[in-house]
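Take a look at the structure set out below.
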Number of protein chains: 4
Amino acid sequence: MNYKKLFSEIAAELESLDDKGKVASYIPELGNVDPNKFGIHLTTVDNKNYSLGDSNEKFSIQSIAKVLSLALAFKLDDEKLWDRVGVEPSGTAFNSLVQLEYEKGIPRNPFINSGALVICDILVSRLENPKQDFIEFIRNISGNPNIDYCLKISESEKRTGFRNAALVNFMKAYGNIKNNVDIVLDFYFNLCSIEMSCKELAQAFLFLASNGVHPATHAEVVSVSKSKRINAIMQLCGFYDEAGEFSFKVGLPGKSGVGGGIIAIHPGKYSIAVWSPKLNKKGNSYKGMKVLEFLTSRTQSSIF
Amino acid sequence: MNYKKLFSEIAAELESLDDKGKVASYIPELGNVDPNKFGIHLTTVDNKNYSLGDSNEKFSIQSIAKVLSLALAFKLDDEKLWDRVGVEPSGTAFNSLVQLEYEKGIPRNPFINSGALVICDILVSRLENPKQDFIEFIRNISGNPNIDYCLKISESEKRTGFRNAALVNFMKAYGNIKNNVDIVLDFYFNLCSIEMSCKELAQAFLFLASNGVHPATHAEVVSVSKSKRINAIMQLCGFYDEAGEFSFKVGLPGKSGVGGGIIAIHPGKYSIAVWSPKLNKKGNSYKGMKVLEFLTSRTQSSIF
Amino acid sequence: MNYKKLFSEIAAELESLDDKGKVASYIPELGNVDPNKFGIHLTTVDNKNYSLGDSNEKFSIQSIAKVLSLALAFKLDDEKLWDRVGVEPSGTAFNSLVQLEYEKGIPRNPFINSGALVICDILVSRLENPKQDFIEFIRNISGNPNIDYCLKISESEKRTGFRNAALVNFMKAYGNIKNNVDIVLDFYFNLCSIEMSCKELAQAFLFLASNGVHPATHAEVVSVSKSKRINAIMQLCGFYDEAGEFSFKVGLPGKSGVGGGIIAIHPGKYSIAVWSPKLNKKGNSYKGMKVLEFLTSRTQSSIF
Amino acid sequence: MNYKKLFSEIAAELESLDDKGKVASYIPELGNVDPNKFGIHLTTVDNKNYSLGDSNEKFSIQSIAKVLSLALAFKLDDEKLWDRVGVEPSGTAFNSLVQLEYEKGIPRNPFINSGALVICDILVSRLENPKQDFIEFIRNISGNPNIDYCLKISESEKRTGFRNAALVNFMKAYGNIKNNVDIVLDFYFNLCSIEMSCKELAQAFLFLASNGVHPATHAEVVSVSKSKRINAIMQLCGFYDEAGEFSFKVGLPGKSGVGGGIIAIHPGKYSIAVWSPKLNKKGNSYKGMKVLEFLTSRTQSSIF
């Protein structure tokens, strides 16, 4: 595949795109980002790299981090993880409590906020120094010591995160949170504050394009089966109540974050990260989704 | 891939399987089927065929037919189809009315009953002789004139199908059914009564494994893009509230029917049909799901 | 109580009222009514009568009839009625299906549409000639042979009543409708088409103000206990999701209809009927509620 | 009315009652109460007193206190209170979050937990020393300085009250809690820990039976209109999803607590408190409801 040519076509295509999205503004740190930032980075499993725009600039990866926390918890907790969180699409918004009440505190999947909080609870139980150990895990799989939490963002989330506090207390009431709620919330808000560039994201996620093994280091991050299952969950649940739309139009497993980032995986081929801060009404990057739709339509190369 | 060897492994594996499923019994015609029937048929895109057990015996394909009605309606109605039905997983049981009320008569996707009824309404509007034209479409794509409705089953469904009558009236109240409700219901009950064998199913669905073109006849059933999108919808919505489980464990786009059949597609490789009448609690074939999980696990060849 | 003086105060008060309601228009027969019609009639248990405006003009009583169908079914079926319908406020709109799905086809109360349909089903089972026998019951309790169904309205409701068709089919699927759905719907649409004047309504309902006995004829319509219980259900469920508002502001058991009528009962004192066709957003007569609020506030005489 | 005779009939009746209830056990302080405790106290508006059993023994009044916090907040905040909490029955369990999500953080009524928390938030804003001022209010209206919070119970509730923490955080996310969530929760847990005897309860609530004025002191606790409205809300919402059942069988405005207490009001006649710790499945005193049903049935004196 001639990705170089494809990227210049994308660049041309974008000039005429009327971006109708809006930057997330529920905390000032996200609201103050330059709305016109735009980057893409694609890394193939044989380690070729293609990029466009602001692909080396760090941004708040937000919920994209939930794939990595799931990967680590799945590795540590194995199949018994699924006693506490499902693998089904939620059919509702990312922070809904309704489903949680009908299903007695068991979140539908690990990517909605409630499910990600359960994963945090598992990591808090399993890791000696949760925050330190988790960031080390990311640095390891990306071969990049230069990745960190953003204290300013995690503090800001904490000040406004009443809905997440509601979720964690609600699940604690059902017995599905084992640790102190404030510790779990603190870990969660840190998780979502991690900052990475498109390039760093594409490289950190490459193991999911190559059956769980990082192609550069040949280290197994997760087993083949786990790698496939994480991709399956991304496919079904990575875009909240727009998961179908993303599958329908893009046709790759992927995960978005409210900072405007999207990671997508073509198993056996590549991982790609896109960043554009303006979000559509469902909270996913407006331009990011368009770029990925263009990419897989033009190359007729979705997984379907 | 050595499918022949794989099929004998599956046969061996099944001997020790404790099938906990139960045959559907809401109508006598389904309840009377021999619960121990079991068949598999796999057809590759280069037209090699592998089978096991009762793979030539016809059974009631039930909801599997909804993929074919979608294919025809999508072909005829193009993208404006999606004004009247979504592409998102429902997050609820196949015949729930709850979501329909919150979303003002627009079904979540074309595979839950409400969505399939909207598709039927579109075909009733578009086709001159709906029942005759639709069965001809199936005969054409499968190259098999020997496929038909089962009057006994459609009549039986009609006598007990009050919940489907509720759904179609409810959507009519929202203006999302254009034709007479009884005509739409009659078409729907016929659709679900079609009888096919595993072999016939695998061959009829082969176009979805080869970008919309039937490999034998080279006829385009649907466009490349539509073929991929139908697969994407199957992946996300083909197993109702067990879609995640199926993706997680099997990792192929697929669709089940309450008669115990499952069709699954490996794009670029093959289509496979499995039949075993005993259903799990979610209404999907218990043994059928196990077989497909075994198949993709053993070969490490899911799409993810 | 000097009702005469009170009625002239009400008349004065109404001159400055800005009526923000809208006439129901889902069927032309209701939409064509003169929006400025207005009538009140109050009958005391010692048979004094007070009226204002168009109190002798017949109008479509619609859901007000559901109190009378309940009274007759309760009389005939006794306490076992409550196996098939609850006595709890619905907390949702009058025609919601959501609650019905969660509660497996048992309607919350006999005044929401689903509950009224179950009552109709009971009367269809119990009465020899349901439509004839029911209208005779009303003629009897009101001592007025001049009360009848309006065929034009019932036919019009039937043509557009898809939501009610959905409800009755849905409950049939749960086994909570025993008769043919079309016969139950026909009875229901007739029930809602009855035409009465404010005077006729106040007199027909007087038994509920006097412990179940009609004061004029001394005939027991229902027992003391049943009379109290019907009032209790009206208090909690008579105004759908505005029941609390009506209790809060008016403080009497009452029942509204989409034709703009309201009946209210002061046990031991009087029954009162008000008619003004313009409805508030919840589907209850805007001016009618104001009049009753004025009445009980001015006299400080609610049941609370 | 010969209440003395009535009370001995009640005593006789109770001997044959098979009490199927279960004592609340979610905190040890409630679980350890003697399940056979039983008391009644009735106070008439002309200050006659009738009692039976353990009517002078203090118990945890729990949610009954929510009527008194509403009375004080309504007095202080007047009609603008209703911008932040509704007056409609919830149609769901007392601690449901579902309705709160659909209605954007506005609780249905002041007696479900979420609504009571909003009332607490208002009192925290309005009162200088919330806990001290509130208990003084109760001491005043009951003419009894001997009423207090129970620290052991409030501490125990705090340790297990994750669901209430979820509710208050959830409403804070919608902007419907103005104060710090921990302060509001602390006030709430104290409120529910108040201990009173049947006699003290009946006397403290007597103002609601006499148009807002305490008959002994002639002091206006709340206005006539407010008194009637509080009764109306009790009638519709005092028993959570059993409000209809209580209205239907007892026919008086009332409020229950999970400690096994019930207060009921016959406007113009009396207030009555009953205590029996064993609860039915809906969380209301099993025997307490039976006693009140017997009382109003025997005397044929419900408000309906």
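Quick notes
- Teacher prompt: B:Tyr174 distances to equivalent labels in other copies, 7 Å Cα→Cβ, nm: 1.9, 2.3, 2.6
- Look at the stretch A:170-177: the mean tally of other chain Cβ atoms within 10 Å of its residues' Cβ atoms is 4.
- Residue (of A:Cys237, A:Leu117, A:Gly251) at the positive-pole extreme of chain A, dipole from beta-carbon charges: A:Gly251
- Rounded to 10°, Cα long-axis angle of helix D:130-142 versus longest principal axis of chain D: 20
- Taking a straight Cα-Cα cut-off under 17 Å and skipping sequence neighbours fewer than 8 places away in the same chain, the aspartates and glutamates within cross-link reach of B:Lys255 are A:Glu88, B:Glu88, B:Glu195, B:Glu200, B:Asp241, B:Glu242, B:Glu245, B:Glu293.
- In a reduced charge model with +1 at each Lys and Arg Cβ and -1 at each Asp and Glu Cβ, the range C:3-297 shows a dipole moment near 260 debye about its Cα centre.
- Relative to the dominant Cα principal axis of chain D, helix D:286-299 is inclined by about 50°.
- Residues A:Leu292, C:Leu76, B:Leu208 in ascending order of nearby Cβ atoms (within 10 Å, fewest first): C:Leu76, A:Leu292, B:Leu208.
- Sequence of A:Arg139, A:Arg159, A:Arg84 once ranked by neighbouring C-beta atoms within 10 Å, starting from the fewest: A:Arg159, A:Arg139, A:Arg84
- Per-residue average of Cβ from other chains inside 10 Å of C:233-240: 4
- Here the scattering of the range D:27-161 is modelled by Debye summation over its C-alpha atoms, one equal scatterer each and no solvent; at q = 0.10, 0.11, 0.19 Å⁻¹ the log10 of I(q)/I(0) is -0.42, -0.52, -1.30.
- Simple Cβ-charge dipole of the range A:1-74, Lys/Arg +1 and Asp/Glu -1, about Cα centre, in debye nearest 20: 260
- Closest approach to the axis - chain C beta-carbon, rotation onto A, Å: C:Tyr102, 4
- Working note: Cα atoms of the protein assembly as shown, range along each principal axis, descending, whole Å: 92, 67, 60.
- Chymotrypsin sites (Phe, Trp or Tyr not before Pro) lying in DSSP loop within the range C:9-108, provided at most 14 other Cβ fall within 10 Å: C:Tyr26
- The alpha-carbon of D:Lys199 sits under 17 angstrom from the alpha-carbons of these aspartates and glutamates, leaving out residues fewer than 8 places away in its chain: D:Asp46, D:Asp54, D:Glu57, D:Asp148.
- Loop sites in the range A:187-241: trypsin sites (Lys or Arg not before Pro), DSSP, at most 12 other Cβ within 10 Å: none
- Legend: distances between Cα atoms for A:Lys22/D:Lys172; B:Lys20/B:Lys281; A:Lys249/A:Lys287; B:Lys172/C:Lys158; pairs beyond 18 Å are A:Lys22/D:Lys172.
- Each other copy holds its own label point for C:Asn36; taking that point as 7 Å from Cα along Cα to Cβ, the gaps run 6.1, 7.4, 8.4 nm, nearest first.
- By the count of neighbouring beta-carbon atoms within 10 Å, fewest first, D:Ser69, B:Ser301 end up ordered B:Ser301, D:Ser69.
- For the range B:3-297, fraction of C-alpha pairs farther apart than 34 Å, in %: 13
- Each Lys or Arg adds one and each Asp or Glu subtracts one; over the other residues with Cβ under 15 Å from the Cβ of B:Leu81, this totals +3.
- Projecting the Cα positions of C:Ile61, C:Leu295, C:Ser156 onto the charge dipole of the range C:3-297 (unit charges on Cβ atoms of Lys, Arg, Asp and Glu, taken about the Cα centre) puts C:Leu295 furthest along the positive direction.
- Taking the longest Cα principal axis of chain C as reference, the axis of helix C:224-237 is set at about 90 degrees.
- Distances from B:Ser16 to itself in the other copies, using label points 7 Å out along the Cα-Cβ axis, amount to 6.1, 6.4, 8.8 nm in increasing order.
- Aspartates and glutamates with Cα under 13 Å of D:Lys104, excluding same-chain neighbours fewer than 8 positions away: D:Asp83
- Among residues other than C:Asn2 with Cβ under 12 Å from its Cβ, the summed charge is +3 (Lys and Arg +1, Asp and Glu -1).
- Each Lys and Arg contributes +1 and each Asp and Glu -1, all at the Cβ; summed about the Cα centre of the range B:163-292, the dipole is approximately 360 debye.
Only the coordinates and a few stated rules stand behind these numbers; no lab work does. In this text, all values refer to a predicted model and were calculated from it rather than measured experimentally. Note that we place each Cβ from the backbone using ideal geometry, even for glycine, and neighbour counts take in every protein chain shown.
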